[in-house]
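The values are calculated or read from the model by the stated rules, or taken from the named source; none is laboratory data. Note that the structure is predicted; figures quoted are calculated from it, not measured. Quick reminder, even Gly has a Cβ in these numbers, built from the backbone with ideal geometry, and neighbours come from all protein chains shown. Accessible surface is based on the protein model in full, side chains and every heavy atom, while ligands, DNA and RNA are left aside. Shrake-Rupley method; radii C 1.70, N 1.55, O 1.52, S 1.80 Å.
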Amino acid sequence: MWCLIHLLLPPQGRWFWRVRRNRVLDNYPMPIGHFWRGLPGDIDAAYERHDGRFVFFKGSQYWLFREANLEPGYPQELMDYGRDIPYDKIDTAIWWEPSGFTYFFKGDWYWRFNEHSRAADQDYPKPISVWGTSVPSSPKGAFLSDDGAYTYFYKGTKYWKFDNHRMKSEPGYPKSILRDFMGCNVDLNPDRDTDVDPGRKWPDRPPFNPDAGRDKDKDKDKDKDKDKEKEKDKEQDNTNDVDFKEETEEKTNEVDVVLKIDETERTMNIIMVTVPLVLVLCILGLIYAIINTLQRKGAPKYLVHCKRSLQDWV
């Protein structure tokens, strides 16, 4: 069972709290539009039906949600929700588990609505005074305790407690909903109208923002976009420089040739040329050394013998 308290932070009606065991759960309040997509702000009333669907009212229209998903075809007009209920506005709605009926409150009157027949019961509306002092005029919201023993009605920063078993109002109310449910330290004056309270104090921690991580991602994307724009600007500047050079060359008939040499490739070319030259020089030096050696030692003996033999033969 959910409890929606949606009137305690400006701008009015754009936040909601989830309450369990008379305390607000962590990470709340949360913007209404971030959880229930398609729901407008500043709603009039909301309640969870017996079938688990959520119904939100604003003016003469209502929205039907299954969990956090808006059902197709909504919003619709209040006159389509059921017969003999207020068709212009609903201040508070609650499915009352002790009786199995839904109760609509508006001004000083309330209606008992049958979810199966989709119509208000006969002899309704009735005055709110039937509930004793537990229900203020034009209440803003209502919810059941976890055990179903009590019903809480609230308006502004005040809340009232109704005993479902004894069908009586609990004494000592209204009390501060800020202090008892929100954990705020406030001194509530029950005689003061808290719907418009300039001295209102809110929790120290800021409301939970489920888009915080998205905002950071958006900032990163913006930084990336800025870097891309800078790169585009640089490319544009380079393009402009090339265009300017081309225009200058056309006018002066002079061409600037820019050679970009790869240092590694140039080094390899030098090595490939130098090594063969060194080898050739080494070979030539070796041949020269051999010739000098032969000249110093004279002709070999077998050449001299051959020469004498030829002379004798002649």
Determine whether the range 88-104 contains at least one residue that is part of a loop (DSSP other than H, G, I, E, B), small (Gly, Ala, Ser) and over 25 Å from Pro174 (Cα atoms).
yes
For the range 164-173, enumerate the residues that are open to solvent by 30 Å² or more (accessible area, probe 1.4 Å) and part of a loop (DSSP other than H, G, I, E, B).
His165, Arg166, Met167, Glu170, Pro171, Gly172, Tyr173
List the strands (runs of 3 or more DSSP E) inside the range 1-73, counting only whole elements, that have at least 3 residues being surrounded by 14 or more Cβ atoms within 10 Å (Cβ to Cβ) and at pLDDT 80 or above.
45-48, 54-58, 61-66
